[in-house]
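Structure first, commentary second.
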Amino acid sequence: MTEKEIDCEQALKQILEYVDHELEDGNQAAMEHHLHTCQSCFSRMEFERRLKDKVGALREEKVSSNVTNRIKGLLDSF
């Protein structure tokens, strides 16, 4: 069976799904192959993975209802 090949553009479009382990098996294998052969995409994936880990490690803090309401208002305006 021939492994599906992807280019950098396709890899960058799928990088967040890869980091989150949300790619289907065929796409996962193609992405892993690409990352083993492309230093640029590998570096970008590592940056995204480390950023996700750092953000996930932040502790959750309570915010005032005023801040919450302002954020909701901004989101509703979109």
message = How big is the dipole moment of the chain about its Cα centre under a simple scheme where the beta carbon of each Lys and Arg is +1, that of each Asp and Glu is -1, and everything else is neutral? Debye, nearest 20, please.
response = 660
inquiry  = Could you give the length gained by full extension between residue 62 and residue 29, i.e. 0.36 nm per residue of separation minus their alpha carbon distance, to one decimal place?
reply    = 7.8 nm
query = Angle, helix 65-76 long axis vs. longest principal axis of the chain, Cα atoms, 0 to 90°, nearest 10?
reply = 50
Candidate aspartates and glutamates - alpha carbon under 14 Å from residue 52, same-chain residues fewer than 8 apart omitted = 17, 20
message = To make sure I understand the rule: partners must be lysines, Cα under 22 Å from the Cα of residue 54, and not fewer than 8 residues away in the same chain. Which ones qualify?
response = 13, 62
message = So I have [x] 11; [y] 19; [z] 48, and one of them is percent of Cα pairs over 21 Å apart calculated from this model. Which one is it?
response = [z]
key: Principal-axis tilt of helix 25-37 within the chain, Cα atoms, nearest 10 degrees   = 80
ask   = All other residues with a Cβ under 15 Å from the Cβ of residue 69 taken together, and with Lys, Arg as +1 and Asp, Glu as -1, what is their net charge?
value = +2
ask   = For the modelled label position 7 Å from the Cα of residue 8 along Cα-to-Cβ, which residues of region 46-63 have backbone nitrogen atoms closer than 19 Å?
value = 46-49
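No lab work stands behind these numbers, since they all come straight from the coordinates. Small disclaimer: the values here were computed from a predicted structure and weren't measured. Cβ atoms come from the backbone with ideal geometry, glycine included; neighbour counts cover every protein chain shown.
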